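Structure record follows, encoded as structure tokens.
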Amino acid sequence: MPAKHLPGFFERWSRLDNYLRSTLFTFWHVGVESQQLDRGMVDELAQYVAGETDKHKRGKAYFTIGKLGLRCRSIDCARILIEAIGREKDKYVLSSLLDRLADIEKPREVDLSPVFPLLKDTKWLVRHAAIRASGNSDSPEAEAEIIAVLNGATDHYDITYCISTLSTIGSLSAIPHIEKHFSSRKQDVKLSARYAVHAIMARHGVRP
């Protein structure tokens, strides 16, 4: 898809939103069309989201960037989403952006520091998405930040999301912080903690 067609691409999506209220169908439709994009479109997508004033179109562009990053395993797509964090004020667009970032593999060279302040955001929708976005990464800083949030958390949803993220990025040093929740009265917290410890040990080749 030529770069000049990007605005029309997202305009068609916006019109489809007006006529079809099924979010599942809308995202499926444009998800299929976004398969026409390739890795060479990353720069054009970055320019598009930086200049687009319609938050709904930006949200759809973030969705497309996330799908492209997932398909091409492109860290450039992760960086576009991270750079956009500071520009987004709408909690729904921001949380959706973070969810797309969560899907993309993020090697150590990807700077996740713009995500970290959002781990303590007062809006739970943003906060939980930021916790998820810190996952799927090789960042020791992300692990340290998630452990810090876990240790200070009182909301059981915050705890569960932190434990879930640590199950995929945690080192062996994360285990004592997770084991504290083995005795939680919340069944989902207790089960996620046990699963996370097992997953971390298995990933590091350690037997229970």
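Name the one entry in Ile169, Ile200 that is buried (at least 21 other Cβ atoms within 10 Å of the Cβ) and within 21 Å of the chain's Cα centre (by Cα).
After ruling out the rest, the residue left standing is Ile200.
Which fully enclosed helices (runs of 4 or more DSSP H) of the stretch 83-195 have 3 or more residues being more than 26 Å from Gly205 (Cβ to Cβ)?
Correct list: 91-103, 124-133, 140-152, 156-169.
Could you tell me how many of the residues in the stretch 174-204 are in contact with a helix residue (DSSP H, G or I) (Cβ under 7 Å, 6 or more places away or on another chain) and within 15 Å of Ser164 (Cβ to Cβ)?
Adding up the residues that qualify gives 16.
Please go through the stretch 103-131 and pick out each residue that is at pLDDT 95 or above and within 10 Å of the chain's Cα centre (by Cα).
Val115, His128, Ala129, Ala130, Ile131
Restricting to the stretch 50-82, count the residues that are among the polar types (S, T, N, Q) and part of a helix (DSSP H, G or I).
1
Given (1) assigned by TED's automatic domain parsing to the domain that holds Arg71; (2) over 24 Å from Lys57 (Cα atoms); (3) not β-branched (Val, Ile, Thr), identify the lone condition not met by Gly170.
(1)
Condition (residue is outside the structural domain of Glu88 (by TED's automatic domain parsing) and under 13 Å from the mean Cα position of the chain (by Cα)) applied to the stretch 176-196: is it met by at least one residue?
No, there is no match, as no residue in the stretch 176-196 is outside the structural domain of Glu88 (by TED's automatic domain parsing) and under 13 Å from the mean Cα position of the chain (by Cα).
The values are calculated or read from the model by the stated rules, or taken from the named source; none is laboratory data. If you're wondering where the values come from, they're calculated on a predicted model, not measured in any experiment. No Cβ is skipped: glycine too gets one built from the backbone with ideal geometry, and neighbour counts run over all protein chains shown.
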